[in-house]
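**Student:** Quick one: this structure, given as structure tokens, is what I'll be asking you about.
The values are calculated or read from the model by the stated rules, or taken from the named source; none is laboratory data. Only a predicted model underlies this, so the values are computations on that prediction, with no experimental measurement involved. With ideal geometry, Cβ positions are generated from the backbone for all residues, glycine too; neighbour counts draw on all protein chains shown. Remember, those area values only see protein heavy atoms, side chains included, never the ligands or the DNA or RNA. Shrake-Rupley method; radii C 1.70, N 1.55, O 1.52, S 1.80 Å.
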Amino acid sequence: MTDVLVLILRRLRAPIITLISVYAIAIFGLVLMPGTDPDGNPWRLSVFDAFYIMSYTATTIGFGEVPHPFSYAQRLWMTVSIYLTVIGWAYTLGAIFALARHPAFRVALGRYRFEARVRRMTDPFFVVCGYGQSGRRLVSALDEIGFATVVVESDPDRARAHLVLDTQQPSALLIADARAPDVLEAAGVRMRSCAGLVALTSGDEVNQSIAIGARVLADNLPVLARVKSPGARETLESVGGVLVVNPFETFAVNFGMALAQPDVLRLEDWLSGVPGTKPPRRIEAPRGHWVVAGYGRFGHCAASALEQAGLPFKAIDVDPAQCGEEGILGSALAEQVLRQAGIEQAVGLIAGTDSDANNLAIVNNARRLRRRLFVVIRQNQVGNRALIEAARADVEFVQAVVMTHEVVQLLTTPLLNRFLMRARRQNAVWAVGVAGRIRDTVGDAVPHTWALDCDQVLLGARRAFVERPEPPLTLAHLLMDPDDRRRSLKAVPLLLLSGGRDVLLPDEHTVLRPGDRILFAGEAGVEGLQRHALGDDGAIDYLRTGREPPRTWLGRLLAAKGPAVAGGAS
């Protein structure tokens, strides 16, 4: 608001002074003009009467001459005053309209409205810096989960896409450079309700600056940055407290799992997807010779997954610096180069150039030489979706999809990432069993995931752990409906953190202890019922004992006196 006031005072200083001067001259001149009353006696207007007359005259309302008809001298001065005030108002209104169109004023007013909207966000929200393909998809995913968002984007053309976005949760947009500390502060990074910041701009240096700036302003704030260069990763890791995601490396990990652990990969994609959407299909990449078309950063990451799996491959690139000695220098669009790379004996092709049209052409040329190919294709631009779909690839790398899954997994439910890291050490039978259990409980859709803390600050948890520890609180009690314990909640416990131990798929009869954390996957709304149970001492007693607690003051009074009466009767 300070910037808006400064601009108003600076731009309207001269018009306001002019208008005040015009009114002062007109009023005091009218006071000095002589007049006569109906009896012929001389009289003059008071300052208040003159101010009143000039007020309704200058605003074209015109009530008439009061308290007596004017003399010719007074009417002459009123004529001069009318022209003076008209000129003064025309000058002032012109300055006001010019100020309203001034870019600096619009920016300041938009900034004030943005800050006011952010201040009204009392529920948890995320700050998303960068509104490209990944940013737009992430905002939509966070909105589906139930988080408000604050978007900071420096490019007005990209920011316009947010204006037509229909969100269920509050969302605010600021067109500014997020590297500036005042912009980050205006975005609410210091607010208690800020749940985290995500830097998704197109440049590593920009994301690096945003992440470091956010850590300086709010050292306890969860911060995630997308980087693709090793130097930026090393810098952010040395700062500490910043989650660094390289989408190429993330895809390489997933591709490696498709080669060695397809069932575990499907479970991971299922749990980290957008709740309510269809579950991903099972992807099993074949083992054998591979051809990598495009050996840049993406190609190198994909090739590293092949190397770790012990599979042979041949890389093709037009840049000698990228190719190296082991690669083939040339364009993968040429059939001769594809043959040289061994496409006729290959089981798979990775089309990973930075051109979507070239990737589609490479896939088509390769299929003419080898019809049965497992195809991995990279999508670079969101507008080229039709080209990627025309390739009918087995695996598609879409950076926005990868980043959305990673952010949702790392920031909204950190315990989920811990579970998935441990799930990667399990075998296919275990992963299939977990997926089947989730499907039987929740249905054939991506479930909601949430973490529940057994905090003694909550009334229900304090009753179960401190005041009345018998019968002990178990995991089964949290899977009962607090309104009717005979109904089971549609949720599956995936991970229990208790006493420094991680327990995968804990048994429902496990006794819970203060400070335990449980990761659940289930239907929407179950989390709220569980939190209600832990926060209500009556609900937690009902779940443990099956006895409905008294809800009125008279019932609670009789229940409290009941044991004393029974003791006296004995």
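**Student:** If you scan segment 184-232, which residues turn out to be polar (S, T, N, Q) and touching a residue at least 24 places away in the same chain (Cβ under 8 Å)?
**Tutor:** Selection gives S193, T201, S202, N207, Q208, S209, S229.
**Student:** Would you mind stating whether R385 is out of contact with any strand residue (DSSP E or B) (no Cβ under 6 Å at 6 or more places or on another chain), under 18 Å from H289 (Cβ atoms) and without any contact (Cβ under 8 Å) to a residue 24 or more places away in the chain?
**Tutor:** Details: out of contact with any strand residue (DSSP E or B) (no Cβ under 6 Å at 6 or more places or on another chain): yes; under 18 Å from H289 (Cβ atoms): no; without any contact (Cβ under 8 Å) to a residue 24 or more places away in the chain: yes.
Against the criterion (out of contact with any strand residue (DSSP E or B) (no Cβ under 6 Å at 6 or more places or on another chain), under 18 Å from H289 (Cβ atoms) and without any contact (Cβ under 8 Å) to a residue 24 or more places away in the chain), R385 does not qualify.
**Student:** I'm told A361 meets every condition in (1) over 30 Å from L138 (Cβ atoms); (2) open to solvent by less than 40 Å² (accessible area, probe 1.4 Å); (3) assigned to a strand (DSSP E or B) except one. Can you identify the failing condition by its number?
**Tutor:** (3)
**Student:** Still on this structure, I have one more. Among the residues in segment 411-430, are any over 19 Å from R281 (Cβ atoms), of a type in the set (G, A, S) and in a helix (DSSP H, G or I)?
**Tutor:** Within segment 411-430, none of the residues are over 19 Å from R281 (Cβ atoms), of a type in the set (G, A, S) and in a helix (DSSP H, G or I).
**Student:** Pull up segment 8-47, narrow it to residues that are touching a residue at least 60 places away in the same chain (Cβ under 8 Å) and either among the aliphatic types (A, V, I, L, M) or in contact with a His (Cβ under 6 Å, 6 or more places away or on another chain) (or both), then point me to the one that is most open to solvent (accessible area, probe 1.4 Å).
**Tutor:** I16
**Student:** Any residue at all in segment 166-173 that's closer than 18 Å to H448 by Cβ and surrounded by 15 or more Cβ atoms within 10 Å (Cβ to Cβ)?
**Tutor:** Yes - at least one qualifying residue is present in segment 166-173.
**Student:** Here's another thing I want to ask about it. In segment 318-330, what residues are of a type in the set (A, V, I, L, M) and open to solvent by less than 50 Å² (accessible area, probe 1.4 Å)?
**Tutor:** The answer is I328, and nothing else.
**Student:** Of these, L349, L311, L333, which one is open to solvent by less than 60 Å² (accessible area, probe 1.4 Å) and either assigned to a loop (DSSP other than H, G, I, E, B) or touching a residue at least 60 places away in the same chain (Cβ under 8 Å) (or both)?
**Tutor:** Within the list L349, L311, L333, the selection yields L311.
**Student:** Go through segment 372-401 residue by residue and tally those that are under 19 Å from K228 (Cβ atoms), part of a helix (DSSP H, G or I), open to solvent by 20 Å² or more (accessible area, probe 1.4 Å) and not polar (S, T, N, Q).
**Tutor:** The qualifying residues number 2.
**Student:** Since R485 meets every condition but one in (1) within 30 Å of G546 (Cα to Cα); (2) part of a helix (DSSP H, G or I), which condition does it not meet?
**Tutor:** (2)
**Student:** Only one of T92, T60 is loosely packed, with under 13 Cβ neighbours inside 10 Å and not hydrophobic (A, V, I, L, M, F, W, C); which?
**Tutor:** Working: T92 fails: loosely packed, with under 13 Cβ neighbours inside 10 Å.
Just one listed residue meets the conditions, T60.
**Student:** Can you find a residue in segment 266-276 that is under 37 Å from the mean Cα position of the chain (by Cα), buried (at least 20 other Cβ atoms within 10 Å of the Cβ) and more than 27 Å from Q133 (Cβ to Cβ)?
**Tutor:** no
**Student:** Identify the residue in segment 95-144 that is among the β-branched types (V, I, T) and either farther than 30 Å from V401 by Cβ or at pLDDT below 90 (or both) and, among all such residues, is least open to solvent (accessible area, probe 1.4 Å).
**Tutor:** Selected residue: I96.
**Student:** If you scan segment 451-481, which residues turn out to be free of Cβ contacts under 8 Å to residues at least 12 places away in the same chain and within 33 Å of the chain's Cα centre (by Cα)?
**Tutor:** Within segment 451-481, V457 is the sole residue that qualifies.
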